[in-house]
Amino acid sequence: MKIIIAGYGKVGSALTRQLSAEGYDLTIIDSDRKTLASSQELYDVIGVYGNCATMEVLKDAGVMTADLLIAATNADEINLLCCLTAHNLNKNIRTIARIRNPEYSEQIVMMRDFLGLSLLINPEKQAAQEIERLIRYPGFQMREKFAHGRVEIAELRVTAESPLNDLPLMQMESVTKCRCLVCTVLRDGIAHTPNGRFVLKEGDRIFVTATTNELAHLLKSLRIVTHRVKRVIICGGGGISYYLAQMLDKGNISVQIVERDPAKCQRLAELLPKASIINADASDLTLWESERISSDDAVVSMTGLDELNMILSLYVRNNGVNQVITKLSRTESTSILENLSLGSVICPKDLCSNTIVGYVRGMRDKTGSSIAVHRIADGKAEATEFRITKETLNCGVPLKDLKLKKNVLIASILHLSQCIIPNGESCFNPGDTVIVVSDSDSAISRFNDIFE
């Protein structure tokens, strides 16, 4: 499959890394020669210099024979014009546009067919939705939804006081009194696909598959106290903050936004009349003393600087705030993040690229192709959703009789409206939805690829 990526920024580079590793034929368009040269040094890609919205540059990039164009420049208007031009040059090409400006949202949905758009991605809105879910359902470090929300993968950290400490996984159900499956354990920066004999240790980050109701029972059985958040303090007045404040307002949660730019404060005050907008520097400690933060609050660090976000999260965590969410633009230094108490970490570019990669995989082969893909465990593992068809191998065969590839685990089977946390006797059949967890080095794009 031939793919053109227009714009080698944060999202473009993340997509190039993931799609190049999976063997796609990639062409990168960028108006910065140094950036373009960097992409060609790191990956086996073709680089085209120029404005991606012009016909000449798109033709040079091979748009006439391309299967997919992903427009991910920093300008919404260029992304839209790029997709529109590409669609007029090649009626069969599919196009994905990254659109960030909320003012365009409604009209782009209305004009989607006219613009020739196959998929719209808004990283800021997507990140806000993830943060809102974490605030609404506190207790977990991360939660990913599958099968229209009927099953989730959530992250927990094993503490010294936790009932899970020094517990073999085969005994977990007797301790937690709920049906769930630990599909990945992140220990010392290494992702493990555990079996029943695997013993959990203090400091482990575990990724658990279960239904939403079972996850609530899990928190209760582990004595993880979750308070309903009464106030959310957002540091930084960017696009994510705007979307998040809108969502929280609908849930009757008080919102305060701290922003140092007076012009941004004025704009936010006009758009968010119910929110409290504070024109101040979030790094000023006197601000936090005057705000009197407590355990009933949640703090979301979303300034434009990763370093400041980490410092703010560490500070408020040490001052008694239970729920802390940290936005990071880059998450490559996972060994450093592993040992920091940053709460839940959100990376918009990763959320965006994961959505696009799932779409690309679905294009490649309709038979048994993935429906959705989520990178978990700091990108060291993937959870992929598949729909089982008549062409799927080993339908009706008990899992205990299957030979799966190394580091591949069937984490959940959805049959009609029933979510099954599988055991050795479980099996899948046409029409079922199956969640597969694998390490990131062996990405699974088709369900039949899980078998030896």
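The values are calculated or read from the model by the stated rules, or taken from the named source; none is laboratory data. Since this is a predicted model, take the numbers as computed values, not measurements. Reconstructed Cβ throughout: ideal geometry from the backbone, glycine too, with neighbour counts over all protein chains shown.
Which of the residues belonging to the range 87-142 are buried (at least 20 other Cβ atoms within 10 Å of the Cβ) and of a type in the set (Gly, Ala, Ser)?
Scanning the range 87-142 gives ALA97, GLY116, ALA127, ALA128, GLY139.
Going through the range 417-441 one residue at a time, which ones are closer than 19 Å to ALA372 by Cβ, within 19 Å of the chain's Cα centre (by Cα) and of a type outside the set (Val, Ile, Thr)?
SER438, ASP439, SER440
Of all residues in the range 387-413, which are surrounded by 15 or more Cβ atoms within 10 Å (Cβ to Cβ) and touching an Asp or Glu at 6+ places or on another chain (Cβ under 6 Å)?
ILE388, ASN407, ILE413
Every residue in the range 127-169 that is touching a residue at least 24 places away in the same chain (Cβ under 8 Å), at negative phi and assigned to a helix (DSSP H, G or I), please.
Passing the criteria: ALA127, ALA128, GLN129, GLU130, ILE131, GLU132, LEU134, ILE135, ARG136, LEU169.
Under 7 Å between Cβ atoms, at least 6 apart or on separate chains: pull out the pairs that start in the range 188-200 with a residue that is more than 15 Å from ARG157 (Cα to Cα) and end on any residue that is in a loop (DSSP other than H, G, I, E, B).
Listed pairs, sorted by first residue: THR193/ASN407.
Just for the range 322-341: of the residues that are buried (at least 21 other Cβ atoms within 10 Å of the Cβ) and either touching an Asp or Glu at 6+ places or on another chain (Cβ under 7 Å) or not β-branched (Val, Ile, Thr) (or both), which one is modelled with the lowest pLDDT? Spell out how you get there, then give the answer.
So the first thing to find is which residues in the range 322-341 are buried (at least 21 other Cβ atoms within 10 Å of the Cβ), and the list is 323-328.
Among the residues that remain, those that are also either touching an Asp or Glu at 6+ places or on another chain (Cβ under 7 Å) or not β-branched (Val, Ile, Thr) (or both) are: 323, 327-328.
On the way: GLN323: 88, LYS327: 94, LEU328: 91.
Among those that are buried (at least 21 other Cβ atoms within 10 Å of the Cβ) and either touching an Asp or Glu at 6+ places or on another chain (Cβ under 7 Å) or not β-branched (Val, Ile, Thr) (or both), it is GLN323.
Output the number of the condition that PHE207 fails; it satisfies all remaining conditions of (1) closer than 30 Å to ALA275 by Cβ; (2) among the aromatic types (Phe, Trp, Tyr); (3) in a strand (DSSP E or B).
The single condition PHE207 does not satisfy is (1).
Provide a single number: the residues in the range 252-292 that are part of a loop (DSSP other than H, G, I, E, B), out of contact with any helix residue (DSSP H, G or I) (no Cβ under 6 Å at 6 or more places or on another chain) and either charged (D, E, K, R) or in contact (Cβ under 8 Å) with a residue 60 or more places away in the chain (or both).
So the count comes out to 6.
For the range 228-247, check the following and say yes or no: at least one residue is loosely packed, with under 14 Cβ neighbours inside 10 Å and over 27 Å from LEU340 (Cα atoms).
Within the range 228-247 (the criterion being loosely packed, with under 14 Cβ neighbours inside 10 Å and over 27 Å from LEU340 (Cα atoms)), the answer is no, since none of the residues qualifies.
Can you name the condition, by its number, that MET172 falls short on among (1) more than 20 Å from LEU328 (Cα to Cα); (2) not in a helix (DSSP H, G or I)?
(2)
Could you please find all residues in the range 10-42 being surrounded by 16 or more Cβ atoms within 10 Å (Cβ to Cβ) and either part of a loop (DSSP other than H, G, I, E, B) or touching an Asp or Glu at 6+ places or on another chain (Cβ under 6 Å) (or both)?
TYR24, SER31, LEU36
Restricting the search to the range 421-439, which residues are surrounded by fewer than 17 Cβ atoms within 10 Å (Cβ to Cβ) and of a type outside the set (D, E, K, R)?
Residues satisfying the conditions are ASN423, GLY424, SER426, ASN429, PRO430, GLY431.
Given the structure, is GLU307 surrounded by fewer than 15 Cβ atoms within 10 Å (Cβ to Cβ) and within 27 Å of LYS10 (Cα to Cα)?
yes
Take the conditions surrounded by 15 or more Cβ atoms within 10 Å (Cβ to Cβ), closer than 27 Å to ASP441 by Cα and of a type in the set (Val, Ile, Thr) and apply them to VAL57. Does it pass?
Criteria not met by VAL57.
Are any residues in the range 60-77 buried (at least 17 other Cβ atoms within 10 Å of the Cβ), touching a residue at least 40 places away in the same chain (Cβ under 8 Å) and within 19 Å of LYS349 (Cα to Cα), and if so, which ones?
LEU69, ILE70, ALA71, ALA72, THR73
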